[in-house]
Structure formats: C-alpha cells, structure tokens
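A.B. asks: I'd like to ask some things about the structure below.
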Amino acid sequence: MKISVITATLNNGVTLEATIKSVMQQTHNDVELIIVDGASTDNSVEIISRWQQLYPDKIRFVSEPDNGVYNAINKGLKMASGEVIGVLHGNDTFSSPHVLAQVAHAMNNDNIDFVFGDISYRDKAGKIVRYYSSAGYDKSMLRYGIAPPHPSLYVRKKTFDSIGLYKENYLIAADFDFFIRLMTVSDRPSQYLPIDMVTMSMGGLSTTLRHRIFTN
C-alpha cells in the first residue's frame, strides 16, 4: 500500500531536515514524500534538493508562492499518487519509525476510510511537554469545536476525490471543516490508532488551542 505524505513548508530550514529524515526512516517502504515549499528564502530548497537526489523515487517537490498552508496542502493532494494520504508539516516529525507501518496495517481493512491517533508536543529543548490523545473521541465533540489532531489523520485518496479538498477560504479552520465533511456529512468509517504518531513543535500552544476551538 502506497502512502503519500504531504509536507507544506515555508522557511523551515532549521527543522525541515529532521522532518524529511523521519519520513525516509519509516519502516513502511512504499511511501512518497511530497514537499510543497512556498518559495522559501532560507536554505529550505537546498535541503530538499539534497534529499531528493538521495531518494529520487520517493521525494517530489515544488517551490513556488502559494496562498497559505491549505493551498499548499491542496497542491500536494493533487500531486499525490498514494492510496492513502496524510500531512506532516515542515517543523514536525514522526514520533517513531513505525507510524506508517501501523497506518498501512489498519488501512488494509477495506472497510476503513481514515485513521487518526495521538500526537505530542515538544518545547525548544526537545522535551515532551504535552500529549494530545484521541482515545474516546466521538464525532459529537465537533459541536464544541473539538476534532482529532489533524497531523494524525490519514485518509484514502478516493475519499478526498469524493468529498473534496480543503476549503482555502478558512484560514486556520479548513482542517476542522474537512473533519465535519468526513465524520458527519459523509459519515465515513474510521479507526482510532492508540499510538503517538507525530511530535509537533510548541509555541503559544494553550492560547492557540483556545483560539482554534473558538474559530472552529
């Protein structure tokens, strides 16, 4: 099963190499990394080009101006050739080398359209300071602006083809809108994976979460 990972990035040269490395170290071999760079002015393109030369069959990228992160993700979705697609941003990493293997194992069940799991947050020193678990999540929580962590979401390509891409006019809530279409409007079958899937960088997290819930 081929899995496409989309990385939207802009001037993330300090962290981007760790992101790419965490994808290339996955034990699931049938993976493609699609990097959509928003015309970075730092060393991001140099880093991407170096890794693309090492893995020409697994890494594809484009570097050009975009209209925000969801526009970049949608570009990646249109480029993706995998049966299953997820997003890993340019300052995040997979929490273990076995994440995509566990995604593939779950998605081998043809009755499952998408999976989601847990994520963790690290501070600037690399220490884990928060763990966001999706255990017990129910779609009724969408009414209160609460969705599973978007970086843990992996969806079949045919599902994107059916319900559409991210709505780019929602500046920070397009992932929440997508969850609504995925979990309530179309009511797609899913599976929760009880694993730490992605480690994210933390920056004003508490305020950001409150603001996102209000916005959602």
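FYI, it's all coordinate maths here, none of it is from the lab. Keep in mind that what you see is a predicted model, and the values were worked out from it rather than measured. So basically every Cβ, Gly included, is an ideal-geometry build from the backbone, and we count neighbours across all protein chains shown.
A.B. asks: Can you work out ³J(HN,Hα) from phi for every residue in the range 9-25, in order, using Karplus 6.51 cos²θ - 1.76 cosθ + 1.60 and θ = phi - 60°, giving whole Hz and x for Gly and Pro?
C.D. replies: Those phi angles translate into 8, 8, 6, 9, x, 5, 10, 4, 4, 5, 4, 4, 4, 5, 6, 5, 8 Hz.
A.B. asks: Using +1 on the beta carbon of Lys and Arg, -1 on that of Asp and Glu, and nothing else charged, what's the dipole of the chain about the Cα centre, debye to 20? Please list the in-between numbers first.
C.D. replies: Working: 21 positive and 22 negative charges, 71 e Å.
So the magnitude is around 340 debye.
A.B. asks: So how much slack lies between LYS78 and VAL62, counting 0.36 nm per residue of separation and subtracting their Cα-Cα distance, in nm? Please list the in-between numbers first.
C.D. replies: Working: separation 16, 0.36 × 16 = 5.76 nm, distance 1.21 nm.
Length gained between LYS78 and VAL62: 4.5 nm.
A.B. asks: Further, regarding this structure: For ARG130, which sequence-distant residues (separation of 5 or more, or a different chain) have an amide H within less than 5 Å of its own amide H, given hydrogens modelled in the peptide plane?
C.D. replies: TYR121
A.B. asks: Further, regarding this structure: In sequence order, what are the phi-derived ³J(HN,Hα) couplings for the range 157-170 according to the Karplus relation 6.51 cos²θ - 1.76 cosθ + 1.60 with θ = phi - 60°, rounded to whole Hz, with x for glycine and proline?
C.D. replies: Per residue, the Karplus-derived 3J(HN,Hα) values read 4, 5, 6, 4, 4, 7, 9, x, 8, 6, 7, 6, 6, 8 Hz.
A.B. asks: Starting from the amide H of LEU88, placed 1.01 Å from N in the peptide plane, find each other amide H under 5 Å away whose residue is 5 or more places distant or on another chain.
C.D. replies: Amide H to amide H, under 5 Å and 5 or more residues apart or across chains, LEU88 pairs with ILE6, THR7, ALA8.
A.B. asks: Considering only ILE73, ILE59, ILE47, give the residue with the highest GNM mean-square fluctuation for the chain, with springs between Cα atoms whenever their separation is below 10 Å.
C.D. replies: Maximum fluctuation in the GNM of the chain, among the listed residues, is at ILE47.
A.B. asks: Then there is this: When the Cα atoms of the range 55-193 are enclosed in a convex hull and the volume is divided per residue, what value in Å³ results?
C.D. replies: Details: hull volume 19.9 nm³, N = 139.
About 143 Å³ per residue, rounded to a whole number.
A.B. asks: For the chain, which longest stretch is free of loop sites, where a loop site is one of the trypsin sites (Lys or Arg not before Pro) that DSSP puts outside H, G, I, E and B and that has at most 14 other Cβ atoms within 10 Å? Each step should come with its number before you reach the end.
C.D. replies: On the way: sites that count: LYS124, LYS127, LYS167.
Formally, the longest exposed-site-free interval is 1-123.
A.B. asks: What is the distance, in nm, between label points placed 7 Å from the Cα along the Cα-to-Cβ direction at GLN191 and at MET1?
C.D. replies: 0.6 nm
A.B. asks: Sticking with this one: All other residues with a Cβ under 14 Å from the Cβ of HIS105 taken together, and with Lys, Arg as +1 and Asp, Glu as -1, what is their net charge? Mind showing how you got there, number by number?
C.D. replies: Working: positive: none; negative: ASP30, GLU83, ASP110.
Residues near HIS105 contribute -3 overall.
A.B. asks: Could you tally the net charge around VAL62, taking each other residue with its Cβ under 13 Å from the Cβ of VAL62, Lys/Arg +1 and Asp/Glu -1? Mind dumping the intermediate values first?
C.D. replies: Values: positive: ARG60, LYS75, LYS78; negative: ASP37, GLU64, ASP66.
In short, 0.
A.B. asks: Roughly what would the spin-label model give for GLU168 and TYR131, points 7 Å off Cα along C-beta, in nm?
C.D. replies: 3.9 nm
A.B. asks: Right, something else. Which value results for Rg/Rh of the range 63-104 when Rg is the Cα radius of gyration and Rh the Kirkwood radius based on the inverse mean 1/r? Don't jump to the answer; show the numbers that get you there.
C.D. replies: Numbers: Rg = 12.3 Å, Rh = 12.1 Å.
Taking Rh as the inverse mean 1/r over Cα pairs, Rg/Rh reads 1.02.
A.B. asks: Which is the longest run of the chain containing none of the GluC sites (Glu not before Pro) found in DSSP loop states (not H, G, I, E, B) with at most 16 other C-beta atoms within 10 Å? List each step's numbers first, then the result.
C.D. replies: Values: sites that count: GLU83, GLU168.
Counting only loop sites that pass the neighbour cut-off, the longest clear stretch is 84-167.
A.B. asks: For the range 1-78, state what percent of all Cα-Cα pairs lands in each successive 5 Å bin, counting from 0 Å until the bin that includes the largest distance.
C.D. replies: Calculated over all Cα pairs of the range 1-78, the distribution is 3, 17, 29, 26, 17, 6, 1, 0 percent.
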